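Notes to accompany the following structure.
The values are calculated or read from the model by the stated rules, or taken from the named source; none is laboratory data. No experiment lies behind these values; they were computed from the predicted model shown. Methodologically, a virtual Cβ is constructed for each residue, glycine included, from the backbone with ideal geometry; neighbour enumeration extends over all protein chains shown. In case anyone asks, the SASA skips ligands and DNA or RNA and just uses the protein heavy atoms, side chains included. Shrake-Rupley method; radii C 1.70, N 1.55, O 1.52, S 1.80 Å.
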Amino acid sequence: MTHTKPRIGFLGTGWIGRHRMAAMVAGGAVEAVAISDPSPEMVAAAVQDAPGAQVCASLEEMLALGLDGVVIASPSALHAAQSITALDAGVAVFCQKPLGRDAAENVAVVAAARRADRLLGVDLSYRHTAGMRAIAPLVRSGALGRVFAIDLTFHNAYGPDKPWFYDRAQSGGGCVMDLGIHLADLALWLNPGATAERVDAALYAGGAPVAADAVEDYAAATVRLDNGVIVRLACSWRLHAGQDAVIEAAFYGTEGGAVLRNVGGSFYDFTAEHFRGTARETLAVPPDDWGGRAAVDWARRLADGARFDAAAEDYVATARVLDAIYAAGRG
């Protein structure tokens, strides 16, 4: 069915789920039809942003309302199954990362989206920063020459506050799954079709090699892509970095470089620069309200009638890189 504004259900209205809902509703991109969350407090807060939405006890109850799409912001262990349930019901999906805890779960969800011919999106939001929107054309146009090295960093001084993040069965992994997914996505997004040819990785928890049943709070990996690009990736929770966060994505080519870098430890403010030798040009500076941009983009594409997009295979490619990092780090 087609509507001027897609009729959307919101499954999970914790901080990030509510933030994405608010961005979509405030931007006029969707009609918030349904809300579901096991926490009455979270539901009550969400209803303030979408007072006309029906509170539902389950995904199935939401789907019975005849939705165009569902936004999934539940714990990671539920993402794949909930996405497949919605897609099998003919409903488009926008899911928080990770779409699945490993490549196999990602493959299953993408297959369901293809089978249903429904739009599938994942909240890989750093693609949508003004900085990355400025850097991507430089890489794609050849302005940096042949890009041969990518350095990626995401250190979060705090770490997650929900217990399930520390249960490998529920989360799929630690800081690599939580933060490294954004870094790997940026690398592969700008190297379409590339796969990991060789991976070396080290995973630590509390400063020691991670135990088999534990999740890592520090990871370092070197990934050689099959197109010759070397990707160095480091991420962590609770690292003593002297600030709230260290976030950087640097792309180096034969004719120049470009870097996205957070400002003063911020999780939200970024600069982007273009390098030529020792000279630098500023591409983007704060403020930039990018947090809900991926969700709004998905909603607008849905409103325009978009169906399954083969770019969803990107989610599988990124999951395979994460799987390879875990295999190398635990091997």
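Descriptive notes on the structure:
- The residues in region 248-264 that are small (Gly, Ala, Ser), part of a loop (DSSP other than H, G, I, E, B) and in contact (Cβ under 8 Å) with a residue 24 or more places away in the chain can be counted, and the count is 1.
- Just one residue in the set 59, 67, 99 is more than 23 Å from the chain's Cα centre (by Cα), open to solvent by less than 40 Å² (accessible area, probe 1.4 Å) and not acidic (Asp, Glu); that residue is 67.
- For beta carbons closer than 9 Å, sequence separation of 6+ or different chains, a first residue in region 304-331 that is farther than 30 Å from residue 212 by Cβ and touching a residue at least 12 places away in the same chain (Cβ under 8 Å) and a second that is open to solvent by 70 Å² or more (accessible area, probe 1.4 Å) and not in a helix (DSSP H, G or I), the qualifying pairs are 305/2.
- Residues of region 265-284 satisfying the condition of being of a type in the set (S, T, N, Q), open to solvent by 60 Å² or more (accessible area, probe 1.4 Å) and in a loop (DSSP other than H, G, I, E, B): 278
- Qualifying residue in region 240-262 (condition: open to solvent by less than 40 Å² (accessible area, probe 1.4 Å), of a type in the set (Phe, Trp, Tyr) and farther than 25 Å from residue 158 by Cα): yes
- Just one of the listed residues (156, 191) is within 22 Å of residue 123 (Cβ to Cβ) and in contact with a helix residue (DSSP H, G or I) (Cβ under 8 Å, 6 or more places away or on another chain), and it is 156.
- Residue within region 93-116 that is touching a Lys or Arg at 6+ places or on another chain (Cβ under 6 Å) and under 19 Å from residue 11 (Cα atoms) present: no
- Cross-chain or 6+ apart pairs with Cβ under 7 Å, region 120-143 first and more than 25 Å from residue 70 (Cβ to Cβ), then open to solvent by 20 Å² or more (accessible area, probe 1.4 Å) and part of a helix (DSSP H, G or I): 132/126
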